[in-house]
Amino acid sequence: MAGEMSIIGSVILALFLAGYLGQQYLPPPKPRVIGLDLGTTFCSVGVFQPGTGEIEVIGDDKGHKSIPSVVTFTPTGVFSGHEGQELSDINPQNTIYDAKRFIGKIFDQETLDKESARYPFKAIFNNGSAEFLVSTNSTFTVTPEFIGSRLLLKMKKMAEKQLGIPIDKAVISVPAEFDERQRNYTIRAANLAGEFTKVYINRKSHQSQLGYVLLLESMEGTQTKNKKGKLHQSCEI
Ligand SMILES: *[C@@H]1O[C@H](CO)[C@@H](O)[C@H](O)[C@H]1NC(C)=O
Ligand SMILES: *[C@@H]1O[C@H](CO)[C@@H](O)[C@H](O)[C@H]1NC(C)=O
Ligand SMILES: *[C@@H]1O[C@H](CO)[C@@H](O)[C@H](O)[C@H]1NC(C)=O
């Protein structure tokens with residue numbers, strides 16, 4: 001009996017050791033794909049869970065399940081999401097929100113001026129496109145897709161922190177009514193974020209949740225050989 005026990009003990013020890021050593025020699029975990037919802041007011045990020053087939057919404061370290069679609073510029077930096085929101089009261093004219101209403105849209109001067117009047121920040125006309133005027137230490141303009149890029153980057157970092165693995169692929173969902181130009185500019189936002197090798201645009205529709213799940217699932221299986229930081233491929237579904 002004692003002999004049996006010690007054999008079992010050794011087996012368990014051997015399994016532990018194998019597991020431990022195995023861990024040391026395992027390749028680093030594969031980057032995963034995240035689903036990003038770049039909303040007008042709030043943004044959220046999710047990851048496909050192969051076990052349950054569900055998309056798990058990822059929170060930040062304070063437990064927020066979404067971030068406000070807000071980017072604030074100050075003399076010391078650019079702050080996105082909750083950080084940006086917190087600074088908005090003291091810095092309203094340099095706090096950009098609702099950028100999704102402007103991304104990839106063609107405006108005439110008059111329409112844009114009317115839009116701009118609704119906001120504490122200034123939207124200016126640049127050859128048919130909207131840009132935002134920012135005045136911190138210096139005065140400059142930023143594009144709606146730049147605002148989008150900061151939010152995408154923020155969510156990517158949130159996901160990496162919570163999941164503990166690198167992420168370099170994303171499925172970004174946009175409203176079904178987004179036209180080709182708006183979708184192109186959303187891809188441009190991901191490109192500006194500079195850290196995705198593959199980006200897919202998913203147009204939300206009635207069956208979007210299922211399509212989204214299947215898309216994330218299929219992308220989980222794909223491997224990327226591209227250099228980090230370079231947007232290699234983007235496409236629409
Ligand atoms: C803006 O000005 C402040 C005070 O002069 C300085 O500390 C800060 O580094 C400047 N920021 C940038 C982005 O140049
Ligand atoms: C302005 O937009 C038009 C149409 O998109 C384009 O052909 C033209 O090159 C643009 N001009 C400048 C100065 O960017
Ligand atoms: C969108 O991007 C595609 C691929 O780069 C291009 O062929 C197409 O002309 C673009 N469409 C618009 C409306 O900008």
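The values are calculated or read from the model by the stated rules, or taken from the named source; none is laboratory data. Owing to the predicted nature of the structure, the values given are computational and were not obtained by experimental measurement. Positions of Cβ are backbone-derived with ideal geometry, glycine not excepted, and every protein chain shown enters the neighbour counts.
Looking at segment 157-181, which of the residues that are surrounded by 20 or more Cβ atoms within 10 Å (Cβ to Cβ) and farther than 22 Å from Lys65 by Cβ is farthest from ligand 2 (Cβ to nearest atom)?
Asp168
Test Phe102 against the stated conditions and say whether it is touching a strand residue (DSSP E or B) at 6+ places or on another chain (Cβ under 7 Å) and free of Cβ contacts under 8 Å to residues at least 40 places away in the same chain.
On the way: touching a strand residue (DSSP E or B) at 6+ places or on another chain (Cβ under 7 Å): yes; free of Cβ contacts under 8 Å to residues at least 40 places away in the same chain: no.
Criteria not met by Phe102.
Given (1) modelled with pLDDT of 95 or more; (2) in contact with a Lys or Arg (Cβ under 6 Å, 6 or more places away or on another chain), where does Arg101 come up short, assuming only one miss?
(2)
From the list Gly39, Gly59, Gly53, Gly128, which one is closer than 22 Å to Val174 by Cα, out of contact with any Gly (no Cβ under 6 Å at 6 or more places or on another chain), within 16 Å of ligand 2 (Cβ to nearest atom) and not acidic (Asp, Glu)? Give the derivation first.
Details: Gly39 fails: within 16 Å of ligand 2 (Cβ to nearest atom); Gly59 fails: within 16 Å of ligand 2 (Cβ to nearest atom); Gly53 fails: within 16 Å of ligand 2 (Cβ to nearest atom).
Of Gly39, Gly59, Gly53, Gly128, the one residue that is closer than 22 Å to Val174 by Cα, out of contact with any Gly (no Cβ under 6 Å at 6 or more places or on another chain), within 16 Å of ligand 2 (Cβ to nearest atom) and not acidic (Asp, Glu) is Gly128.
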